[in-house]
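First the structure, in the form of C-alpha coordinates, and then the observations on it.
The values are calculated or read from the model by the stated rules, or taken from the named source; none is laboratory data. These numbers were taken from a predicted model, which means no experiment stands behind them. Heads up, the Cβs are rebuilt from the backbone with ideal geometry, glycines too, and the neighbour counts pull from every protein chain shown. We work out accessible area using only protein heavy atoms, side chains counted, and drop any ligands, DNA or RNA first. Shrake-Rupley method; radii C 1.70, N 1.55, O 1.52, S 1.80 Å.
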Amino acid sequence: MSEAPKENVVDLQRIEAAFREILWAVGEDPDREGLRETPKRVARMYAEMFQGLHEDPREHLHKYFTENYNEIVLVRDISFNSMCEHHFLPFMGKVHIGYLPAGKIIGLSKLARVVEVVSKRPQVQERMTATIADLLKDELQVRGVGVVVEALHTCMAIRGVKKPGATCITSAMRGQFLKNPITRAEFMTLVYEKKTPALNFME
(Lines give C-alpha, C1' and ligand atoms only; values in the text may rest on other atoms or scores of the structure.)
Protein backbone atom coordinates (compact mmCIF):
# COMPACT_ATOMS: atom_id res chain seq x y z
CA MET A 1 0.00 0.00 0.00
CA SER A 2 1.36 3.42 -0.97
CA GLU A 3 2.17 5.97 1.70
CA ALA A 4 -0.12 8.91 2.27
CA PRO A 5 1.36 12.23 1.11
CA LYS A 6 3.01 14.30 3.81
CA GLU A 7 1.18 17.45 4.74
CA ASN A 8 2.65 20.67 3.30
CA VAL A 9 5.54 18.78 1.69
CA VAL A 10 6.33 18.17 -1.96
CA ASP A 11 8.56 15.12 -2.27
CA LEU A 12 10.84 16.20 -5.11
CA GLN A 13 12.93 13.03 -5.10
CA ARG A 14 9.85 10.86 -5.36
CA ILE A 15 8.58 12.87 -8.33
CA GLU A 16 11.99 12.57 -10.00
CA ALA A 17 12.03 8.80 -9.56
CA ALA A 18 8.46 8.48 -10.83
CA PHE A 19 9.15 10.58 -13.91
CA ARG A 20 12.24 8.55 -14.75
CA GLU A 21 9.94 5.53 -14.80
CA ILE A 22 7.56 7.35 -17.13
CA LEU A 23 10.42 8.12 -19.52
CA TRP A 24 11.41 4.43 -19.52
CA ALA A 25 7.78 3.42 -20.02
CA VAL A 26 7.30 5.55 -23.15
CA GLY A 27 10.49 4.15 -24.68
CA GLU A 28 12.95 6.92 -23.83
CA ASP A 29 16.31 6.80 -22.07
CA PRO A 30 16.26 9.10 -19.03
CA ASP A 31 20.05 9.04 -18.95
CA ARG A 32 20.60 10.52 -22.39
CA GLU A 33 22.00 14.04 -22.40
CA GLY A 34 18.81 15.90 -23.31
CA LEU A 35 16.74 14.15 -20.62
CA ARG A 36 19.26 13.80 -17.82
CA GLU A 37 18.00 16.82 -15.86
CA THR A 38 14.37 16.56 -16.99
CA PRO A 39 13.05 14.63 -13.95
CA LYS A 40 14.43 17.34 -11.66
CA ARG A 41 12.88 20.06 -13.80
CA VAL A 42 9.54 18.27 -13.78
CA ALA A 43 9.71 17.89 -9.99
CA ARG A 44 10.35 21.61 -9.52
CA MET A 45 7.58 22.42 -12.00
CA TYR A 46 5.07 20.25 -10.14
CA ALA A 47 6.05 21.85 -6.83
CA GLU A 48 5.25 25.24 -8.36
CA MET A 49 2.08 24.20 -10.19
CA PHE A 50 0.58 22.46 -7.17
CA GLN A 51 1.64 24.85 -4.42
CA GLY A 52 -2.02 25.68 -3.84
CA LEU A 53 -2.43 22.26 -2.20
CA HIS A 54 -0.34 23.55 0.69
CA GLU A 55 -1.76 27.07 1.03
CA ASP A 56 -5.02 28.35 2.51
CA PRO A 57 -6.68 30.95 0.24
CA ARG A 58 -8.69 32.22 3.21
CA GLU A 59 -5.55 33.91 4.52
CA HIS A 60 -5.92 36.54 1.81
CA LEU A 61 -9.49 37.41 2.81
CA HIS A 62 -9.06 38.39 6.44
CA LYS A 63 -8.36 42.12 6.07
CA TYR A 64 -11.28 44.41 5.26
CA PHE A 65 -11.69 48.14 4.80
CA THR A 66 -14.82 49.85 6.12
CA GLU A 67 -16.59 51.56 3.23
CA ASN A 68 -20.23 52.46 2.68
CA TYR A 69 -20.36 51.20 -0.91
CA ASN A 70 -23.35 49.10 -1.94
CA GLU A 71 -22.90 48.48 -5.66
CA ILE A 72 -21.07 45.74 -7.55
CA VAL A 73 -17.29 45.56 -7.24
CA LEU A 74 -15.85 43.68 -10.21
CA VAL A 75 -12.35 42.50 -11.07
CA ARG A 76 -12.18 40.85 -14.46
CA ASP A 77 -9.49 39.23 -16.60
CA ILE A 78 -7.55 37.66 -13.70
CA SER A 79 -5.25 35.27 -15.55
CA PHE A 80 -4.61 31.76 -14.22
CA ASN A 81 -3.04 28.41 -15.04
CA SER A 82 -4.30 25.17 -13.57
CA MET A 83 -4.09 21.42 -14.16
CA CYS A 84 -6.91 19.16 -15.27
CA GLU A 85 -7.02 16.18 -12.94
CA HIS A 86 -8.31 13.82 -15.65
CA HIS A 87 -5.28 13.85 -17.96
CA PHE A 88 -2.82 16.02 -16.01
CA LEU A 89 -2.64 18.56 -18.79
CA PRO A 90 -2.92 22.30 -18.14
CA PHE A 91 -5.90 24.53 -18.70
CA MET A 92 -5.60 28.29 -18.59
CA GLY A 93 -7.65 31.41 -18.99
CA LYS A 94 -9.26 34.24 -17.05
CA VAL A 95 -11.42 34.62 -13.97
CA HIS A 96 -13.96 37.41 -13.47
CA ILE A 97 -15.11 38.10 -9.90
CA GLY A 98 -17.85 40.43 -8.68
CA TYR A 99 -19.31 40.98 -5.24
CA LEU A 100 -21.86 43.14 -3.48
CA PRO A 101 -20.30 44.63 -0.31
CA ALA A 102 -22.10 44.88 3.01
CA GLY A 103 -20.31 47.84 4.60
CA LYS A 104 -16.80 46.50 3.96
CA ILE A 105 -14.56 46.07 0.93
CA ILE A 106 -11.39 44.06 0.33
CA GLY A 107 -8.21 44.96 -1.51
CA LEU A 108 -8.57 44.08 -5.19
CA SER A 109 -5.24 42.24 -5.28
CA LYS A 110 -6.57 39.84 -2.64
CA LEU A 111 -9.10 38.49 -5.14
CA ALA A 112 -6.27 37.78 -7.57
CA ARG A 113 -4.32 36.04 -4.82
CA VAL A 114 -7.28 33.78 -4.06
CA VAL A 115 -7.44 32.81 -7.73
CA GLU A 116 -3.70 32.11 -7.72
CA VAL A 117 -3.91 29.77 -4.73
CA VAL A 118 -7.05 27.92 -5.81
CA SER A 119 -5.81 27.45 -9.37
CA LYS A 120 -2.58 25.74 -8.27
CA ARG A 121 -4.21 22.35 -7.72
CA PRO A 122 -5.26 19.34 -9.82
CA GLN A 123 -8.96 19.88 -10.49
CA VAL A 124 -11.76 20.45 -12.96
CA GLN A 125 -12.85 23.92 -14.00
CA GLU A 126 -16.34 23.49 -12.56
CA ARG A 127 -14.95 22.80 -9.07
CA MET A 128 -12.48 25.65 -9.29
CA THR A 129 -15.28 28.08 -10.15
CA ALA A 130 -17.49 26.93 -7.28
CA THR A 131 -14.58 26.88 -4.82
CA ILE A 132 -13.71 30.52 -5.49
CA ALA A 133 -17.36 31.59 -5.19
CA ASP A 134 -17.90 29.70 -1.92
CA LEU A 135 -14.68 31.06 -0.40
CA LEU A 136 -15.69 34.62 -1.13
CA LYS A 137 -19.27 34.12 0.07
CA ASP A 138 -18.19 32.50 3.33
CA GLU A 139 -15.23 34.71 4.16
CA LEU A 140 -16.25 38.16 2.92
CA GLN A 141 -19.75 38.13 4.45
CA VAL A 142 -21.08 40.02 1.46
CA ARG A 143 -24.58 40.22 -0.03
CA GLY A 144 -23.65 38.35 -3.18
CA VAL A 145 -20.82 36.88 -5.23
CA GLY A 146 -20.50 36.07 -8.93
CA VAL A 147 -17.60 34.17 -10.53
CA VAL A 148 -17.10 33.45 -14.22
CA VAL A 149 -14.17 31.40 -15.53
CA GLU A 150 -13.15 31.20 -19.19
CA ALA A 151 -10.50 28.64 -20.10
CA LEU A 152 -8.73 26.77 -22.88
CA HIS A 153 -8.07 23.11 -22.09
CA THR A 154 -5.01 21.49 -23.62
CA CYS A 155 -6.48 18.05 -22.89
CA MET A 156 -9.11 18.94 -25.50
CA ALA A 157 -6.77 20.83 -27.84
CA ILE A 158 -3.86 18.39 -28.27
CA ARG A 159 -5.45 14.98 -27.68
CA GLY A 160 -8.79 13.25 -28.09
CA VAL A 161 -11.05 15.35 -30.30
CA LYS A 162 -8.18 17.84 -30.93
CA LYS A 163 -10.22 21.05 -31.02
CA PRO A 164 -7.80 23.93 -30.32
CA GLY A 165 -9.49 27.23 -29.64
CA ALA A 166 -12.58 25.76 -27.98
CA THR A 167 -13.37 27.68 -24.81
CA CYS A 168 -15.09 26.40 -21.67
CA ILE A 169 -17.07 28.96 -19.65
CA THR A 170 -18.33 28.19 -16.14
CA SER A 171 -20.13 30.39 -13.63
CA ALA A 172 -21.07 30.29 -9.97
CA MET A 173 -23.56 32.71 -8.41
CA ARG A 174 -24.17 33.15 -4.70
CA GLY A 175 -26.51 35.38 -2.69
CA GLN A 176 -28.08 38.24 -4.66
CA PHE A 177 -26.26 37.17 -7.82
CA LEU A 178 -28.23 33.93 -7.67
CA LYS A 179 -31.54 35.23 -6.33
CA ASN A 180 -31.90 38.50 -8.23
CA PRO A 181 -32.01 38.25 -12.06
CA ILE A 182 -31.39 41.99 -12.44
CA THR A 183 -28.24 41.88 -10.31
CA ARG A 184 -27.01 38.81 -12.16
CA ALA A 185 -27.68 40.48 -15.53
CA GLU A 186 -25.78 43.61 -14.45
CA PHE A 187 -22.83 41.48 -13.38
CA MET A 188 -22.72 39.58 -16.67
CA THR A 189 -23.01 42.82 -18.62
CA LEU A 190 -20.03 44.27 -16.73
CA VAL A 191 -18.03 41.09 -17.38
CA TYR A 192 -18.61 41.06 -21.11
CA GLU A 193 -19.03 44.71 -22.02
CA LYS A 194 -16.49 46.07 -24.49
CA LYS A 195 -13.45 47.59 -22.83
CA THR A 196 -13.11 51.33 -23.16
CA PRO A 197 -10.03 52.73 -24.98
CA ALA A 198 -8.82 54.25 -21.71
CA LEU A 199 -8.36 50.76 -20.26
CA ASN A 200 -6.51 49.35 -23.25
CA PHE A 201 -3.32 51.39 -22.88
CA MET A 202 -1.39 48.43 -21.44
CA GLU A 203 -2.39 45.95 -24.16
If you project the alpha carbons of region 71-143 onto their three principal axes, what span does each projection cover, largest first, in Å?
43, 20, 15
For every helix of n ≥ 4 consecutive DSSP H residues, a contribution of -39,500 (n - 2.57) applies; sum these over the chain, divide by its total residues, and give [θ] at 222 nm rounded to the nearest 500 deg cm²/dmol.
-11000 deg cm²/dmol
Candidate span helices, the chain: DSSP H, at least 18 Å along axis from Cα coords, Kyte-Doolittle average at least -1.0, result 12-25, 125-140
For the chain, what % of the accessible area comes from carbon and sulfur atoms, probe 1.4 Å?
54
Keeping every protein chain in place, order Arg20, Arg58, Arg36, Arg174 by accessible area at 1.4 Å, biggest value first, i.e. largest first.
Arg36, Arg58, Arg20, Arg174
Protection proxy (average C-beta count within 10 Å per residue), highest first, orders 9-15, 188-194 as 9-15, 188-194
If you take the charge dipole of the chain about its Cα centre, with +1 on Lys and Arg Cβ and -1 on Asp and Glu Cβ, which of Gln176, Gly52, Ile106 is farthest toward its positive end?
Gln176
Please compute the modelled spin-label separation between Leu12 and Gln51, points set 7 Å along Cα→Cβ, answer in nm with one decimal.
1.3
Alpha-carbon centroid distance for the pair region 98-151 / region 60-85, whole angstrom:
6
Could you sort the peptides 87-96, 132-141, 70-79 by per-residue average Cβ neighbour count (10 Å cutoff), highest mean leading?
132-141, 87-96, 70-79
To the nearest 20 debye, what is the magnitude of the charge dipole of the chain about its Cα centre, counting +1 on the Cβ of each Lys and Arg and -1 on the Cβ of each Asp and Glu?
540
Give Lys104/Lys179; Lys63/Lys94; Lys40/Lys162; Lys40/Lys94; Lys40/Lys110; Lys120/Lys162 a once-over and call out the pairs whose C-alpha atoms are over 27 Å from each other.
Lys40/Lys162; Lys40/Lys94; Lys40/Lys110
Net +/- balance of residues flanking Val117 in space, Cβ distance below 12 Å, scoring K and R +1, D and E -1:
+1
Note the full-extension length gain between Tyr69 and Asp31 as 0.36 nm times their separation in residues minus their Cα-Cα distance, in nm to one decimal.
7.6 nm
Where Thr38, Thr167, Thr66 fall by accessible area, highest first, once all protein chains stay in place (1.4 Å)
Thr66, Thr167, Thr38
Mind pulling up the Rg/Rh value for the chain? Radius of gyration and Kirkwood radius, both on Cα.
1.05
Per residue, how much accessible area does the chain have with a 1.4 Å probe, in Å²?
61
